[in-house]
Amino acid sequence: MTVSEVLIQGSGPEVDPEPRIKKIAGRSPMRIAMDRLLSDKIAMLCAVIVLLYILIAIFAPQLCRLFGVEVRAGDPVTDTDSFNYPIIGPPNYGFTWEAPLGLEPNSGNDLLAEWFYGARTSLMVAAIATIVSTVVGVVLGLIAGYSRGWGDRVVTFVIDLFLTLPFLLVAIAVSPMLVERWKENPAMLDNASLIALIVILTVFGWMGLARLIRGEVVSLREREFIEAAHVLGTPTHRILFKELLPNLVAPIVVSFSLSLPATIAAEATLAYLGVGVTGQPSWGQTILRAQNWFAEYPLFLYAPIVGIVVLVFALNLLGDAIRDAFDPKSFR
């Protein structure tokens, strides 16, 4: 009898260790990270909250029809009293399904419809800006990290240049220029303000990821599999996107998950400062209008703030969980 047979018999019923070894050996780093993420109950709760927000944004028109509300369909004459307060719902009347969150003072617009469409605007702007900035950051980071000469110096200089630009000052300076350029055409102004907001958030959102990717590529470009690709005559674009990029999935996913809530908060902040979308509901625009009514009508301000806080908080917790799941040194 061998030593291994004695150990197996002494430890209880015979167990074939081969399936267990195969199960562990067959799990990829991505699979291990996903298993760790799925086992995190807080992360899963945050994921459900984020999914709920996404569904609200996608089906905002259907939800408005379900609740019997319309966006910006209020009439100040029939929906508000002589003091410009709503004639139904809070603050002067009780809860009613005709206006679950009440009506906006002055205009009489339904705040629930504004909230639904505000979620759509915020998520759409933040998602587009984050995706575009992620693509720009990854591409420039790959180029800078893989280049050993002027390419690296040029991209690094551009990154440092954009990091010196004051985000709020540049964003605030763009708004008067747009208003002056398109003030005679409100429809074009609405589209221009939306595009300009996405461009501003994109321009100031790619530098951190580009630096991160550059550092990772600098450490990977000397590895054996990259040297082997050089020897085989593999084209540079294939090395970048077929050899290096798959090894950068973890930092990219983590950066995206942490950048999205920051972009949502930035969009709301810019809208509150008057730099944002016009002609369509936005949480930041609602907060801007509601600040003067806070003493008499706090619900007007609470609804968009609670929406932003819950969404950003859930995204931040989910981003932290994703970072821990993809970090091999984490024992969470």
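The values are calculated or read from the model by the stated rules, or taken from the named source; none is laboratory data. Computed from a prediction, not measured in an experiment: that's the story for all the values here. A quick note on method: Cβ atoms are made from the backbone with ideal geometry, for glycine too, and the neighbour counts reach across all protein chains shown. Calculation scope for accessible area: heavy atoms of the full protein, side chains included, ligands and nucleic acids excluded. Shrake-Rupley method; radii C 1.70, N 1.55, O 1.52, S 1.80 Å.
Points worth noting:
- Helices (runs of 4 or more DSSP H) within region 41-125 that include 1 or more residues over 23 Å from the mean Cα position of the chain (by Cα): 60-67, 76-79
- Qualifying residue in region 292-315 (condition: modelled with pLDDT of 85 or more and of a type in the set (S, T, N, Q)): no
- The test for being in a loop (DSSP other than H, G, I, E, B) and at pLDDT below 90 does not hold for residue 227.
- On inspection, residue 51 does not qualify as among the aliphatic types (A, V, I, L, M) and buried (at least 17 other Cβ atoms within 10 Å of the Cβ).
- Among the residues making up region 84-116, those that are hydrophobic (A, V, I, L, M, F, W, C) and out of contact with any Pro (no Cβ under 6 Å at 6 or more places or on another chain) are 87, 88, 95, 97, 99, 101, 111, 113, 115, 116.
- Whichever residue in region 230-261 is of a type in the set (Gly, Ala, Ser) and assigned to a helix (DSSP H, G or I) and, among such residues, is farthest from the chain's Cα centre (by Cα): 250
- Scanning region 70-100 for residues that are among the β-branched types (Val, Ile, Thr) and loosely packed, with under 14 Cβ neighbours inside 10 Å yields 77, 78, 87, 96.
- Hits in region 176-203 (condition: in contact (Cβ under 8 Å) with a residue 60 or more places away in the chain, out of contact with any Gly (no Cβ under 6 Å at 6 or more places or on another chain) and not β-branched (Val, Ile, Thr)): 186, 187, 189, 193, 194, 201
- The combined condition, being open to solvent by less than 50 Å² (accessible area, probe 1.4 Å), closer than 30 Å to residue 325 by Cα, at pLDDT 80 or above and hydrophobic (A, V, I, L, M, F, W, C), is fulfilled by residue 220.
- Some residue of region 221-237 being of a type in the set (A, V, I, L, M) and in contact (Cβ under 8 Å) with a residue 60 or more places away in the chain: no
- Checking each residue in region 270-284 for being part of a helix (DSSP H, G or I) and either open to solvent by less than 60 Å² (accessible area, probe 1.4 Å) or touching a residue at least 40 places away in the same chain (Cβ under 8 Å) (or both) picks out 270, 271, 283, 284.
- Flag if residue 254 is of a type in the set (Val, Ile, Thr), surrounded by 14 or more Cβ atoms within 10 Å (Cβ to Cβ) and touching a Lys or Arg at 6+ places or on another chain (Cβ under 6 Å): yes
- Yes/no for residue 171 being small (Gly, Ala, Ser), open to solvent by 50 Å² or more (accessible area, probe 1.4 Å) and either on the phi > 0 side of the Ramachandran plot or part of a helix (DSSP H, G or I) (or both): no
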